[in-house]
Amino acid sequence: MGLLSSSVSIARYRVDGKIEENVMEIIHAGLKQNAITTIEDEYAEVTMGWTPFESNFNPDFEKFTFTFGDFFLFSFRIDKKSVPSKIIQKHVSIEIEKKLKEEGRQFISKNEKKEIRESITDKLMSQMPSTPNIYDVLWNHESQKVLFFSTQKAANEELETLFSKSFKLRLIRLFPFTIVESSDSFSDEERDMVLNLVPANVNRGKVVAGDSNE
Amino acid sequence: MRVILMNDISVSYNKYKFLGNEFLTWLWYLIENDINIKKIAESEFQKAGIDCGSIVFEIGNCIALENSLGDDSVEKISIKGDDPGLEEGKTALKKGAVVTDMNLILRVDEDEWKFNIKGESMEITSLKIPVSGKVEGDEDIEGAVLEKVFLYNKVFEVVDTLFHFFIKKRVSKEWKTVDINGIKEWVEL
């Protein structure tokens, strides 16, 4: 689901730190150096990298922009190969039958089966095209906020890693605790009080609240 | 703003996820009792620069609650439907449950947003924003992006502002003397 889709899911981040000088050059370089490769590695299960928002299948950051108004906008592409287990199972069975017949044997050892399975998996994996998944990344450099258009755990973890590698900046996921910690709306005293809060229960009409702020 | 260490992040996520769940439970209480959200958090909305005539939330087509039973087991209640009967949810609240997810409709003046929000992460999913301009050619893309971004940010601004307001309330003395009693009375009804 991309930024322009009719329905989106969004994870939010605060960028820990800020690029102070040559912002455009540094971000451009980070995107270029970590752009997804155009040459598919036939043995790689997963390939990932940045690609321009307007050109998901031609990762050319010289030709396509990453600035939209005051924002930086680009896409994170994860290409993944997977072979359905039933297809592997079918080919392994065929291969075992073939081997037994050719060698006039009745039995194949566990290790041999394992080797056959590995070799079949590698072969099928190399033949299988990868499936691209594209997630948009919107970065407000001024407010140090990033919107990532996916809430999938694996995609978010990969984003955090690649962002840090590309721009030498850490992404901090925004959830209740980090929203409080990152906001200027709270005084230090209020933040300390939040740290001491414990769940309040409206339990069978009785209020159970043992905050250590008392 | 304080320095947050990476290993603190997952610990803090789990330790304070109840704040998001309590926020959604409180929001349900505001909605059910027709409490004017714009009015009660007026100064917070003003500080956040949210200038509008009205802000109205409505429960959408689902709400999920969770009740920790104390022995590591959890009771989960999920109510779905276009006009969900929420009595079961209130019964669960009586037993000590909190809202963990809900589908909300937000109306700011004439505009409407629909989305699911998860308490523990404050993630917003299946977000539908007010109708924006169509992209008919490459020259429309930048305008469409900026319009959509404005509309996405609006929902976060409103939710964050209300969450800040809730947190300030939650650490105040009035929470235990006024607010929690109001919630208790509503749950008991």
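Bear in mind that the values in this text are calculations on the coordinates, not laboratory data. Keep in mind it's a predicted model, so treat the numbers as computed, not measured. Cβ atoms come from the backbone with ideal geometry, glycine included; neighbour counts cover every protein chain shown.
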Chain B pair-distance distribution - Cα-Cα, 10 Å bins, rounded %: 8, 31, 35, 19, 6, 1
Projected label distance in nm at A:ALA29 and A:GLU102, using a 7 Å step from Cα toward the beta-carbon: 5.4
Whole-percent pair-distance distribution, where bins are 10 Å wide, for the alpha carbons of the stretch A:1-123: 10, 27, 22, 14, 14, 10, 3, 0
q = 0.14, 0.19, 0.24, 0.30 Å⁻¹, the stretch B:132-189: log10 I(q)/I(0) [Debye, one scatterer per Cα]: -0.59, -0.75, -0.93, -1.05
Gaussian network model of chain B, Cα within-10 Å springs - most flexible of B:GLU147, B:GLU139, B:GLU174: B:GLU139
Tail beyond 22 Å, pair distance distribution of the stretch A:82-154 (Cα, percent): 51
Within 10 Å of each Cβ in B:168-177, the average number of Cβ atoms from other chains: 4
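Sort A:67-74, A:186-193 by the packing proxy (mean of other Cβ within 10 Å over each peptide's residues), most packed first.
For the peptides A:67-74, A:186-193, the packing ranking is A:67-74, A:186-193.
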Fluctuation leader among A:TYR13, A:TYR135, A:TYR43 - chain A, Gaussian network, Cα springs under 10 angstrom: A:TYR43
Point-to-point label distance, B:SER10-B:TRP186, nm (Cα→Cβ direction, 7 Å offset): 3.6
Positive minus negative residues near A:ASN140 (Lys, Arg vs Asp, Glu; Cβ under 13 Å): +1
Quotient of Cα Rg and 2.2 N^0.38 Å for chain A, N being how many residues it contains: 1.48
Candidates B:GLY20, B:GLY133, B:GLY119: whichever shows maximal mean-square fluctuation once chain B is modelled as a Gaussian network with Cα springs under 10 Å: B:GLY133
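Using only alpha carbon pairs under 8 Å that are at least six residues apart, calculate the relative contact order of chain A and give it in whole percent.
Values: 293 pairs, mean separation 59.6, N = 214.
After rounding, I find 28 percent.
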Where Rh is the Kirkwood radius over Cα pairs, Rg/Rh for the protein assembly as shown: 1.06
In order through the stretch B:89-103: 3J(HN,Hα) via Karplus (6.51 cos²θ - 1.76 cosθ + 1.60), integer Hz, x for Gly, Pro: x, 5, 4, 5, 4, 4, 7, x, 6, 10, 6, 10, 9, 8, 9
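Relative to the compact globular guide of 2.2 N^0.38 Å, what is the alpha carbon radius of gyration of the stretch A:85-127, as a ratio?
Details: Rg = 10.5 Å, N = 43, 2.2 N^0.38 = 9.2 Å.
Cα-based Rg divided by the globular estimate yields 1.14.
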Relative contact order [Cα under 8 Å, 6+ residues apart], the stretch B:58-113, whole percent: 44
Cα pair distances of the stretch B:82-189 binned at 10 Å [whole percent]: 12, 30, 34, 15, 7, 2
